[in-house]
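The values are calculated or read from the model by the stated rules, or taken from the named source; none is laboratory data. What you see is a predicted model; the values in this text were computed from it and never measured. No Cβ is skipped: glycine too gets one built from the backbone with ideal geometry, and neighbour counts run over all protein chains shown.
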Amino acid sequence: MTREPNGLITLENAGVRRDSRWLVRGIDLRMRAGEIVTIIGPNRAGKSTTAQLVVGTLRASEGRVQRQTGLRVGYVPQKLHIDPALPMRVNRLLDLTAMVSVEAKRRALDAVGILHLGDAFVQDLSGGEFQRALLARAMVRQPNLLVLDEPVQGVDFASEVMLYNLIKQIRDTTGCGVLMISHDLHIVMADTDTVLCLNGHICCSGSPDSVVSNPEYLRLFGAHDTAGLAVYQHDHDPYPSSRWYGSACRRVNQHGLPA
Amino acid sequence: MTCGAGIIMFDDFFIHALFAGISLAIIVGPLGCLIIWRKMAFFGDTLAHAALLGIALAILIDISSLVGVPLVTLASCIALMIAKRTPSLSSDTILAILAHSTLALGLVLISLTGGRSLDVNGLLFGDILAVDTTDLLVIYAGGGAILAIIIWQWRRLIAATLSPEIAEAEGLSPQRAEWLFMMLIALVVSIAVKLVGVLLITALMIIPAAAARRLVSSPEMMAGLASLLGVIGVIAGLYGSAEFDIPSGPAIILAGGLLLLGLSFVPRRLTANANVRPHTHQDEVGHDAK
């Protein structure tokens, strides 16, 4: 295996099995600093499992996972329930895993647009506010690798664009790698460097450009430019492209990609 | 104990009891909070039952209960961690099995000790007034070490409680936090069993923490206030037991319970837990318009 000097994390043929069922298998992923990788795929495709392999909350049943020494991860999990018995203000949530200065907390909260909620209890936040607080918490510790499992769930459309811009901005200013899991094909495509389409294995991957130049993938991803945003905004089908996942993935698989 | 004109003359055993109880209350404040946050009250109970087995075993094989009790409670922690890997039984069930097996075995062993009959009442409800200087030294040394570890590992303990996933991802092993938590509870139970007995240990740990919850706005505040309320409960309980000639262990727990009841009537706006969420922008506009 060749070690890249700025490789943050490398997955080689990684797979996770639970009770004789493979949740995900044959994952090859190499993340570099400053790179945004987006994982897309239908439900139960193994998106969260892959994210958990990357952050280390799950061990690989086969294959290898190699992290850069001293890698600092900031993680936004898909689900988080905070027990009401635990008194927790947003400001305290921000230094959950490491000491953080008051000024850094202010900057992080300001960046995600909830500076006024620093003293609010996390249990009182709306879904969107909570997602912002979690993002602020993950970014405030200045990670080398930001892992975001559906970071815009419960966030309205305008805020979604704003949060994606913010994630891009964090990447631009800190040079951290970003691994993002998304249900949405359109907005993610705009800023992402590499797309990984999962369905229990990697169906397809590559830069958005190379992906888009392929007529099959054009159908899969649809219009990814700003026109795509408008389609997303007004489309009442929550997953307008979902039927393409299956067909495109199956076609790719027939062409001999990892099974 | 002599009481005259409202002034209680202190004997040595009362002072010892006071110091022992206060020290214990300070230690169990943060641990009681962790038990509540992790929803593990029954776990404390299980270890208390295991402590009874520890005492019985220590008497039977003639070793100090200072060694026997922690040995059995720590072994119970390990047994629990192994049993938890059996996914077909809930941890609730496993705890119940462990608690009552150790209790049963403990009672059997006590009956086998025969002549050296034990004060079962003292085992179940404790005898804080029987604390001697050796016990006090154990409480100071053991309790001090436990408190130092809690403070040192506090961030890890909180992070693992709030989200094991985030803690693991960001380098604070939640497994280590869970082990640490269980060991600390085991050690505290081993110390506390002599003071308040098998049946009241869990109450000693969680009542002050529960009483503190409504009044506070951070985990640290809750831990600190739980310690303070525990100390108040110990002092009030011990004085009450002297004044009214009632058993001291139950009196301490009862004092804590009354404290909790009283504090639940404090209006929410007077607590640090008052709703601090600021008005929304619309609210401010509306307010300005008036």
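Selection of the stretch B:81-106 for residues being exposed (fewer than 15 other Cβ atoms within 10 Å of the Cβ) and closer than 13 Å to B:A186 by Cβ yields only B:M81. Listed conditions (1) away from chain B (no Cβ under 14 Å); (2) part of a helix (DSSP H, G or I); (3) at pLDDT 85 or above; (4) within 19 Å of the chain's Cα centre (by Cα) are all met by A:L134, apart from (1). Taken residue by residue, the stretch A:15-36 has no member that is touching a helix residue (DSSP H, G or I) at 6+ places or on another chain (Cβ under 6 Å) and within 14 Å of chain B (Cβ to nearest Cβ). Being under 17 Å from the mean Cα position of the chain (by Cα), of a type outside the set (D, E, K, R) and surrounded by fewer than 18 Cβ atoms within 10 Å (Cβ to Cβ) holds for only one residue in B:I78, B:I128, B:I149, and it is B:I149. Scanning the stretch B:8-46 for residues that are closer than 20 Å to B:I139 by Cβ and in contact with a Ser or Thr (Cβ under 6 Å, 6 or more places away or on another chain) turns up B:I26, B:G29, B:G44. For the stretch B:194-221, the set of residues classified as more than 10 Å from every other protein chain (Cβ to nearest Cβ) and either assigned to a loop (DSSP other than H, G, I, E, B) or touching a strand residue (DSSP E or B) at 6+ places or on another chain (Cβ under 9 Å) (or both) consists of B:G197, B:V198, B:L199, B:L200, listed by residue number. Scan the stretch A:55-66 residue by residue and report those that are buried (at least 17 other Cβ atoms within 10 Å of the Cβ) and either more than 13 Å from the chain's Cα centre (by Cα) or modelled with pLDDT of 90 or more (or both). A:G56, A:T57, A:L58, A:A60, A:V65 - these are the residues of the stretch A:55-66 that are buried (at least 17 other Cβ atoms within 10 Å of the Cβ) and either more than 13 Å from the chain's Cα centre (by Cα) or modelled with pLDDT of 90 or more (or both).
Scanning the stretch A:59-113 for residues that are closer than 30 Å to A:E12 by Cβ, part of a loop (DSSP other than H, G, I, E, B) and among the hydroxyl-bearing types (S, T, Y) yields A:S61, A:T69, A:T97. Scanning the stretch B:211-223 for residues that are under 14 Å from the mean Cα position of the chain (by Cα) and either without any contact (Cβ under 8 Å) to a residue 60 or more places away in the chain or surrounded by fewer than 22 Cβ atoms within 10 Å (Cβ to Cβ) (or both) returns a single hit, B:A211.
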